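Below is one structure, written out as structure tokens; the observations come after it.
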Amino acid sequence: MFIDMHNHLIYGVDDGGKTFESTKKLALQAVENQVDTVITTPHITPGIEPFPYETYLAHLEEARQWMAREGIAITLYTGSEVLYTHNTPYQLSEGKVPTLAGTRYVLLEFSPDDTFKYLMDAGQSVAGLGFVPVFAHVERYECLKKADQIEKLRRECKALIQLNAHTVIRKHSFFKQRFLNRILADELVDFISTDCHDLPGRDSRMAEAFDVLTERFGIELATALTSGNAQRILDEAPVPRGS
């Protein structure tokens, strides 16, 4: 039912979990939350830290085989969450950074205190190479507090916007909640995803987020945010192994 396009389900490659048991745990959480498709997005920091790509692929295949044996109906795609560095455009152009499901969409994250200009420059650099920047969990960035800033990212970087499911559910200050309500109601957000880790408070709550979105904004928008918009990415993707 739901597509989770930001999830740290694969163990042993970042802070998403150290053992295969954590992968199993996160997969079962996804099932409980009616998630049937996951783009796995381990952290990558181009040019700063080497990414264990072969380990990632091996652990992804291990997860797929376990799901097939257990009858767990989740399709797993490759991907990454890229902490933007000045090396990112080069490594993207060289094919060294896994994009979302092997498409032209790239999930980007930033440090909470990065400036708006830095985010804009990053988005334009990625877009200039023919990729589509997807800004991860924009609720975290100190420089993004107004809806018109989100509009500018979308307009000038051709960017797409992701929020975390926990953010939809959680209570916020008056001004933060007003900002979130505005960008959701004005359809400036494209995806709600779990950003799931095997860490306290980083579990999958996609089904609950869908219910909250439906109550506040209607089922049409809730469906678009939790599956419909992400399906457009997958429509461009090669068929994953094991499907």
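The values are calculated or read from the model by the stated rules, or taken from the named source; none is laboratory data. Only a predicted model underlies this, so the values are computations on that prediction, with no experimental measurement involved. Here Cβ is always computed from backbone atoms with ideal geometry, including for glycine, and neighbour counts include all displayed protein chains.
Structural remarks
- Of everything in segment 1-23 that is hydrophobic (A, V, I, L, M, F, W, C) and more than 15 Å from residue 199 (Cβ to Cβ), the residue that is surrounded by the fewest Cβ atoms within 10 Å (Cβ to Cβ) is 1.
- Segment 79-105, residues that are modelled with pLDDT of 95 or more, outside any helix (DSSP H, G or I) and more than 13 Å from residue 45 (Cα to Cα): 79, 99, 103, 104, 105
- When each of 76, 26 is tested for being part of a helix (DSSP H, G or I), crowded, with 18+ Cβ neighbours inside 10 Å and of a type in the set (A, V, I, L, M, F, W, C), the lone residue that passes is 26.
- Set 183, 169, 150: member being over 13 Å from the mean Cα position of the chain (by Cα), within 27 Å of residue 46 (Cα to Cα) and not polar (S, T, N, Q): 150
- Verdict on residue 34 being farther than 26 Å from residue 118 by Cα, surrounded by fewer than 16 Cβ atoms within 10 Å (Cβ to Cβ) and in contact (Cβ under 8 Å) with a residue 24 or more places away in the chain: yes
- Residue within segment 35-43 that is among the hydroxyl-bearing types (Ser, Thr, Tyr), part of a strand (DSSP E or B) and in contact with a strand residue (DSSP E or B) (Cβ under 9 Å, 6 or more places away or on another chain) present: yes
- Residue that is at negative phi and out of contact with any Cys (no Cβ under 8 Å at 6 or more places or on another chain), where the choices are 228, 218: 228
- Number of positions in segment 186-201 that are surrounded by fewer than 24 Cβ atoms within 10 Å (Cβ to Cβ), more than 20 Å from residue 146 (Cβ to Cβ) and without any contact (Cβ under 8 Å) to a residue 60 or more places away in the chain: 2
- Scope segment 85-137; condition of a type in the set (Lys, Arg) and touching a strand residue (DSSP E or B) at 6+ places or on another chain (Cβ under 6 Å); matching residues: 104
Matching residues to (1) touching an Asp or Glu at 6+ places or on another chain (Cβ under 7 Å); (2) within 26 Å of residue 9 (Cβ to Cβ); (3) not charged (D, E, K, R):
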residue: 69; (1), (2), (3): no, yes, no
residue: 103; (1), (2), (3): yes, yes, yes
residue: 118; (1), (2), (3): no, no, yes
residue: 129; (1), (2), (3): no, no, yes
residue: 133; (1), (2), (3): no, yes, yes
residue: 136; (1), (2), (3): yes, yes, yes
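- Filtered residues of segment 128-152 (kept if surrounded by 17 or more Cβ atoms within 10 Å (Cβ to Cβ) and within 20 Å of residue 80 (Cβ to Cβ)): 131, 132, 133, 134, 135, 136, 137, 138, 141
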